[in-house]
1. In the set 36, 86, which member is at positive phi and either within 11 Å of the ligand (Cβ to nearest atom) or open to solvent by less than 80 Å² (accessible area, probe 1.4 Å) (or both)?
2. All but one of (1) within 15 Å of the ligand (Cβ to nearest atom); (2) of a type outside the set (A, V, I, L, M, F, W, C); (3) touching a residue at least 60 places away in the same chain (Cβ under 8 Å) hold for residue 137; which doesn't?
3. Do we have any residue at all in the range 105-118 that's β-branched (Val, Ile, Thr), in contact with a helix residue (DSSP H, G or I) (Cβ under 9 Å, 6 or more places away or on another chain), in contact (Cβ under 8 Å) with a residue 24 or more places away in the chain and open to solvent by 50 Å² or more (accessible area, probe 1.4 Å)?
4. Just checking, which of 55, 24 is open to solvent by less than 80 Å² (accessible area, probe 1.4 Å) and within 13 Å of the ligand (Cβ to nearest atom)?
5. Yes or no: the range 193-208 includes at least one residue that is open to solvent by 60 Å² or more (accessible area, probe 1.4 Å), of a type in the set (Asp, Glu) and over 23 Å from residue 251 (Cα atoms).
6. Could you check residue 157 against (1) within 13 Å of the ligand (Cβ to nearest atom); (2) touching a Gly at 6+ places or on another chain (Cβ under 7 Å) and say which number it fails?
7. Can you tell which of 71, 32 is touching an Asp or Glu at 6+ places or on another chain (Cβ under 9 Å), at pLDDT 95 or above and aromatic (Phe, Trp, Tyr)?
8. Tally up the residues in the range 152-178 that are open to solvent by less than 20 Å² (accessible area, probe 1.4 Å) and assigned to a strand (DSSP E or B), please.
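The values are calculated or read from the model by the stated rules, or taken from the named source; none is laboratory data. Bear in mind that the values here come from a model prediction, so they are computed numbers and not experimental data. Ideal geometry is used to build each Cβ from the backbone, glycine not excepted, and the neighbour counts take in all protein chains shown. Side chains included, ligands, DNA and RNA excluded: accessible areas come from the protein's heavy atoms. Shrake-Rupley method; radii C 1.70, N 1.55, O 1.52, S 1.80 Å.
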Amino acid sequence: MKLLQSKKAVRQQVLKWRKASETIGLVPTMGYFHQGHLSLMDECRRHAHRVMVSIFVNPTQFSPNEDLESYPRDIERDLELAREHGVDAVFLPDDNEMYDPDHCTWVIVDNLTKGLCGRSRPGHFRGVATVVAKLFNLIQPDAAVFGQKDFQQLQVIRRMVADLDFAVKIIGCPIVREADGLAMSSRNAYLSKEERRSAVCLFQALCLASRLVKEDGATSCAQVKAALKERIESFPFTRIDYIFTGDPENLMPLEEVKRPLLVALAVFVGSTRLIDNIII
Ligand code: PAF
């Protein structure tokens, strides 16, 4: 497995693969791997001859009051896991390699970023879209793989690819869960033992939403949301950021239940903000 730390090294590697007529798959990550990341790498292998994983905790997608400094990192372990999963190259740039000090060009995906996490994390998707566009330009992958846990991110990237004519196939992968249903996330590492017990509230609320719609024939999104709110707030340490019910394609909220229905949640458990979603 190659470890590439500069854009120049990435370009040289990509050129070698292209000369050998090999296709390239990319898994963009911020590291601190869990089973979810590893499933993305395995999926990527099914779509391309070569798999490149980028590990970069992208500063431009964090607001000043967020967890950029404390974001969990363990590069040695990540490299070992990537190697075990047959990754061909890891791109591990530092901030200066990725961003020129005078950087001032941004990719803004409108509409889709107005609600959900876009509302609570202003500027977040501008940072995500910009860094992903930079990675696409640099690596020119044939396919790129993202997790559906960040469902809004996945839709934003799909939109950007369509709007800016990137020649890359975007592949979304199912959420990988712990035994009790908690969606795997690097940020789960922040949870205390007691908070970890409460963190299952997101999955339980999504299961409740599914039952209400599929079995009880709920028709009002407000009623579904009220039931989810009550369920989540029955767990200690929780504070709801948002409960969203809407159209999975355009991410517009819905008043009446219409299927497919996206139910997406962001909940603080202690000071850790967790997200999860389901499409019913
Ligand atoms: O999902 C993530 O880990 C990040 O948002 C991404 C896509 C790697 C961009 O920094």
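1. On the way: 36 fails: at positive phi.
None of the other options fit; the residue is 86.
2. (3)
3. Kept after step one, since they are β-branched (Val, Ile, Thr), are these residues of the range 105-118: 105, 107-109, 113.
Add one more test, that the residue is in contact with a helix residue (DSSP H, G or I) (Cβ under 9 Å, 6 or more places away or on another chain), and what stays is 105, 107-109, 113.
With in contact (Cβ under 8 Å) with a residue 24 or more places away in the chain added as a condition, the list becomes 105, 107, 109, 113.
Next, from what is left, pick out any that are open to solvent by 50 Å² or more (accessible area, probe 1.4 Å): 105.
Checking the range 105-118: at least one residue is β-branched (Val, Ile, Thr), in contact with a helix residue (DSSP H, G or I) (Cβ under 9 Å, 6 or more places away or on another chain), in contact (Cβ under 8 Å) with a residue 24 or more places away in the chain and open to solvent by 50 Å² or more (accessible area, probe 1.4 Å).
4. 55
5. The answer is yes; a qualifying residue exists.
6. (2)
7. Numbers: 71 fails: touching an Asp or Glu at 6+ places or on another chain (Cβ under 9 Å).
On inspection, the qualifying residue turns out to be 32.
8. Counting residues in the range 152-178 that are open to solvent by less than 20 Å² (accessible area, probe 1.4 Å) and assigned to a strand (DSSP E or B) gives 2.
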